[in-house]
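The next block holds one structure in the form of structure tokens; read it before the comments.
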Amino acid sequence: MATYDLTPRIGPNLDRHLVFPLLEFLQERQLYPDEQILKAKIELLNKTNMVDYAMDIHKSLYRTDDVPQDMVDRRVEVVARLKALEDAAAPLVTFLQNPNAVQELRADKQYNLQMLNDRYQIGPDQIEALYQYAKFQFECGNYSGAADYLYQYRALCTNSERSLSALWGKLAAEILMQNWDIALEELNRLKEIIDSKSFSSPLNQVQSRIWLMHWSLFIFFNHDNGRTQIIDLFNQDKYLNAIQTSAPHLLRYLATAFIVNKRRRPQFKEFIRVIQQDQCSYKDPITEFLACVYVNYEFDGAQKKMKECEEVILNDPFLGKRVEEGNFSTVPLKDEFLENARLFIFETYCRIHQRIDMGVLFEKLNLNYEEGERWIVNLIRNSKLEAKIDSETGTVIMEPNQPNVYEQLIDHTKALQGRTYKLVGQLLEPAQAQPAC
């Protein structure tokens, strides 16, 4: 199943520290030889300040208690640099650790800067030192300290670019500490800046959106409401366009979110068109399952894809991993996926057949007869399907359900209105971006 591993595509769009949890998962699932994973970890660690961790992995990889001299020298260098940065940031850190002094700060950044300079002799050099100290702490793997200092730095920083960089670092730190609520707040704050900021090039803005979506995967598949919020973000026109042009592999996660969501969303039909359009640029068992059910009506193919989907989910770092404490669901995502996938097949199959042989249907749903009969009885009882079971013939009979012409007209009108607003918005956007004369 390493064929469907997206880590090589996802990794370049993440901070290197965010790649470590993915490698840990792959090592646990044994998708690759252990030696290959350990070498990848060392390669990542060589560009961080986590020297002790790199030494431990080196010992494990080469089965030795000795480490190369360059690692020993690097550790001495890191400790010395950390002490120098700590000393440089000390005046501001001491101030921030004093509750009485912090009460003097106001919402006005310019006032704060003047007050710090006049009363505490803390100027731009010390504020810059706090940023460098926070960044160094992050590189050392002290994510808690880094998050605190980056938060405090942003409260004082007047440089928008440096403040944005600090926000990316704060988001990464919260993700790595699994503080999902705070991470979601930082993600939304970052999205707002990316969508409103004036970039030097439209490509830079697109790249920022792509990074944001990749980082968001950690949050959306661990947060209580994440599977809904990933649809809200990824399905926005500007973000969906970025996926289609530069990161089509993210369609796996949007497709999964659509499938495991209990209620169907109006965007789902439009998403199926995206799946159909992008089959040449990207496909995996999850996107192919949707194509089988909703594009090609290949129900036997859909059943085969369900088995492959199960393996893909189990071996995907975002879909296969569950947080044991505080998890939003006691049901593994795999089970929810398979249950809803069967429902997708059943609903679509029923729309094109009036009388259905239950034996044939259960085979397509990969259920034995007893399980299938119980499943279908519960489904008919709990859903809005107009159907009944004929036990003598072993069939499900679908009641004719003629669409109301007035409802169809209203639906089409709503869709037309939405497309009109979208078109007008796209036409007005360049005009609004131009400065007033």
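The values are calculated or read from the model by the stated rules, or taken from the named source; none is laboratory data. Everything numeric in this text was worked out from a predicted model, so none of it was measured. Positions of Cβ are generated from backbone atoms using ideal geometry, with glycine treated the same way; all protein chains shown enter the neighbour counts. These area figures cover heavy atoms from the full protein model, side chains too; ligands, DNA and RNA do not enter into them. Shrake-Rupley method; radii C 1.70, N 1.55, O 1.52, S 1.80 Å.
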log₁₀ of I(q)/I(0) at q = 0.06, 0.09, 0.11, 0.13 Å⁻¹ - the chain, Debye sum with one point per alpha carbon: -0.36, -0.75, -1.01, -1.24
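Ignoring ligands, DNA and RNA, please state the percent of accessible area on the range 353-398 from carbon and sulfur, probe 1.4 Å.
On the way: 1280 of 2900 Å².
Ligands and nucleic acids excluded, carbon and sulfur reach 44 percent.
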Mean Cβ neighbour count within 10 Å, used as a protection proxy, ranking 370-381, 37-48 highest first: 37-48, 370-381
Cα-based shape type of the range 49-165, given that a ≥ b ≥ c are square roots of the gyration tensor eigenvalues and the cut on a/c is 1.5: prolate
Longest to shortest principal axis, alpha-carbon extents of the range 353-398, angstrom: 24, 20, 18
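Over the alpha-carbon set of the range 108-159, divide Rg by the Kirkwood Rh and report the Rg/Rh ratio to two decimals.
Working: Rg = 11.7 Å, Rh = 11.4 Å.
Value, to two decimals: 1.03.
Dipole magnitude of the range 353-398 about its Cα centre, charges +1 at Lys/Arg Cβ and -1 at Asp/Glu Cβ only, in debye to the nearest 20? Provide the component values of the computation, followed by the final result.
Details: 6 positive and 8 negative charges, 52 e Å.
Here the range 353-398 has a charge dipole of around 240 debye.
Quick one: of LYS283/LYS305; LYS262/LYS364; LYS135/LYS170; LYS191/LYS238; LYS304/LYS334; LYS283/LYS304, which pairs are farther than 19 Å apart, Cα to Cα? Mind showing how you got there, number by number?
Details: LYS283/LYS305 12 Å; LYS262/LYS364 21 Å; LYS135/LYS170 10 Å; LYS191/LYS238 12 Å; LYS304/LYS334 15 Å; LYS283/LYS304 15 Å.
LYS262/LYS364, as the Cα separations exceed 19 Å there.
Hey, what does the equivalent ellipsoid look like for the range 99-229, semi-axes from the Cα gyration tensor as sqrt of 5 times each eigenvalue, largest first, whole Å? It would help to have the intermediate numbers written out before the result.
On the way: eigenvalues 160, 64, 37 Å².
Equivalent ellipsoid semi-axes, largest first: 28, 18, 14 Å.
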Dipole axis of the chain (+1 Lys, Arg; -1 Asp, Glu on Cβ), positive-most option in ASN204, ALA134, PRO285: ASN204
Helical contribution to [θ] at 222 nm, DSSP H n ≥ 4, -39,500 (n - 2.57), averaged over the chain, rounded to 500: -22500 deg cm²/dmol
